[in-house]
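Colleague: Let me give you the structure first, and then I'll get to my questions.
Here, each number is a calculation from the coordinates, and none is a lab measurement. Keep in mind it's a predicted model, so treat the numbers as computed, not measured. Cβ atoms come from the backbone with ideal geometry, glycine included; neighbour counts cover every protein chain shown.
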Amino acid sequence: MKRFILPIFTGGFLVMFSLVIMVLQTMGAGEEDGYVGSETCSLCHRDIAERWQETPHANYVREATPESVVGDFTQATRKVVSHPWS
């Protein structure tokens, strides 16, 4: 029994070490170039990307353009409110 403990411990350590390295590499993926974009993510995660496109959150995070902003703001007015702490 004792002769199996070292190989099992060593094997377990190597597996855990490999997993930690893989996770650390994944966490840093794309950091050199910044955000890689949803298009890049959807190459591997197409089903998740398609479901996400149907959520309200997908509309909240898109770039504000004349096509993406819904509403008529031509008659908008602004009211400045002063707070005692500002």
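Colleague: If each residue's Cβ is checked for other Cβ atoms within 10 Å, how do Trp52, Trp85 rank with the fewest at the top?
Modeller: Least crowded to most crowded, the residues run Trp85, Trp52.
Colleague: Moving to a separate point now. State, to one decimal in nm, how far the label point of His83 lies from the label point of Ile48, with both points 7 Å from Cα in the Cβ direction.
Modeller: In this crude label model, His83 to Ile48 measures out at 3.6 nm.
Colleague: I would also like to ask the following. Consider a paramagnetic label point 7 Å from the Cα of Met22 along Cα→Cβ; state which residues of region 43-76 have an amide N under 20 Å from it.
Modeller: Only 43-46 pass the distance filter.
Colleague: Now a separate question. Within region 34-86, list the GluC sites (Glu not before Pro) lying in a DSSP loop whose Cβ has at most 10 other Cβ atoms in a 10 Å radius.
Modeller: Glu54, Glu63, Glu67
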